[in-house]
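The values are calculated or read from the model by the stated rules, or taken from the named source; none is laboratory data. Worth saying up front: this structure is predicted, and the values here are computed from it rather than measured. Positions of Cβ are backbone-derived with ideal geometry, glycine not excepted, and every protein chain shown enters the neighbour counts. SASA here: full protein model, heavy atoms, side chains in, ligands and nucleic acids out. Shrake-Rupley method; radii C 1.70, N 1.55, O 1.52, S 1.80 Å.
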Amino acid sequence: MERFLFAGSGEVGQLIVADSPTYGQVVPPEQKRGIVTLRVGHHGQSIESTGMLELGFHVGWLAQHSHNGCMYGVGSDHRAHAFTIAEDGSLALFSSTSTLGKSHFLELTPDGRWALVANYYCQILAVLPINADGTLGDASDSKLHRVEHKPELSDRQEACHPHQVRIDPKTGRWALACDLGADCVWIYEFDSFKGSLIGALNSKRHFFLRKGAGPRHMDFHSLGNWAYILCELDGNIMVCDWDPGVGQLKEKQSIYALPDGVACSRAPHSGLSQILVSENGRNVYVSSRTNNHIVVFKVDIGTGHLQKIQSVTSGGICPRNFIIDSSSGFPCLHVGNQDSQNIVSFAIDPTTGILLEPPQVLELNGICPQVVTPTMAPGKTVLKRPGKVF
């Protein structure tokens, strides 16, 4: 069975931002729009490009449906899109609908009936129905966010900016949205029958972080009782107890991802970007665009606390997104370096979780990878190799 992963295009990131760490370096001459198909080798680490679906828009996020074999994504055209995946990994667009804004993230519910999107600039979360034939319907619900902002943070936090929305994987009952502009994780009850978000803007359930943190992404531990929040703007990872019974986060640790003495950049495309917990629950991985590194943490399985154990170069500029792939039995990490137009693939030591060097590098030649998907097999669900939690 052939396996594939997909990389969605974006614009060049920090190279054109005046106060970014790499401003002034050479900007890639070509920036194509679309989705690249990448065939995964037997051992997982090696990948090769097999084709591209050219589109009239960039792709903010991609996710495979739990059982209908389709892939869904959000574009810079303010729309969500549905794609079929052929046996050779080629894609075909067959359905689209409005997301109510420019989305940076899309989350599919476990039952496959809904897609939740986070619209960064217009401050809206929206719920989109997925019909029985895989097509997308008009939004069933939305939430518009407003908070009082502080003038001293107006460089990046002049308004609410929801960057990600996640469904609680243990119960499917809660929708949690990281809002970079509001320093908040909005927590709504999710009605999976109606496709609606339940809760007021002033609900005491919402989780506010310290001023200037800029929460961007979060991930849950496989045990279901801890959540890890990546703060793009201040460089910290917040470890929280998560109570899925009542939908409540409680901070228990904050740990800095960058080296001592290195300040996290608040410039666009320049802070922390992605966070993932390994399937076996032993490690947490973080990408930093301030110093272009991947940081590896060890998880204390008794408490959920983190200990930093490794930091390695991402092999390029602006590592916006990465995925962990264990489907072949040989765990590896694929990171998309947006401004370098490459995907760098590291083998992972299965015992310690550290990244093994040297990595393999695939040049994308004209594609700035904004999102990289988990490994997929056409017609199947997302491939995972179950990991034992220690």
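Odds and ends about this structure:
- Each Lys and Arg contributes +1 and each Asp and Glu -1, all at the Cβ; summed about the Cα centre of the chain, the dipole is approximately 660 debye.
- Other residues whose C-beta falls under 15 angstrom from the C-beta of Ser154 contribute a net charge of -2, scoring Lys and Arg +1 and Asp and Glu -1.
- The GluC sites (Glu not before Pro) of region 1-60 that DSSP puts in a loop, and whose beta carbon has at most 12 other beta carbons within 10 Å, are Glu2, Glu30.
- Sparse-neighbour loop sites [chymotrypsin sites (Phe, Trp or Tyr not before Pro); region 1-82; at most 15 other C-beta within 10 Å; DSSP]: Tyr23
- A Gaussian network model of the chain, with springs between Cα atoms under 10 Å, assigns the largest mean-square fluctuation among Ala177, Ala200, Ala159 to Ala200.
- Surface composition of region 290-382: carbon and sulfur make up 53 percent of the accessible area, probe 1.4 Å.
- Directionally averaged projected area (region 132-226, Cα convex hull): 7.6 nm².
- Alpha-carbon geometry of the chain: the Rg and the Dmax are 19.1, 55 Å, given in that order.
- Pair-distance distribution P(r) for region 241-358, from all Cα-Cα distances in 5 Å bins starting at 0: 2, 11, 20, 22, 19, 14, 8, 3, 0, 0 percent.
- Over 14 Å [Cα-Cα, region 298-351], rounded percent: 62
- The order of the peptides 308-317, 95-104 by mean Cβ neighbours within 10 Å, most packed first, is 95-104, 308-317.
- Formal net charge of residues neighbouring Leu201 (Cβ-Cβ distance under 9 Å; K, R +1; D, E -1): +2
- 10 Å-binned pair-distance histogram of region 56-124 (Cα, whole percent): 22, 53, 22, 2
- Linear extension gain, Asp19 paired with Asn225, 0.36 nm per residue minus alpha-carbon span: 70.3 nm
- Equivalent-ellipsoid semi-axes for region 162-315 (Cα gyration tensor, √(5λ), whole Å, largest first): 26, 18, 13.
- Cα-based shape type of region 20-106, given that a ≥ b ≥ c are square roots of the gyration tensor eigenvalues and the cut on a/c is 1.5: oblate
- Cα radius of gyration and Dmax for region 115-181 (Å): 14.2, 49
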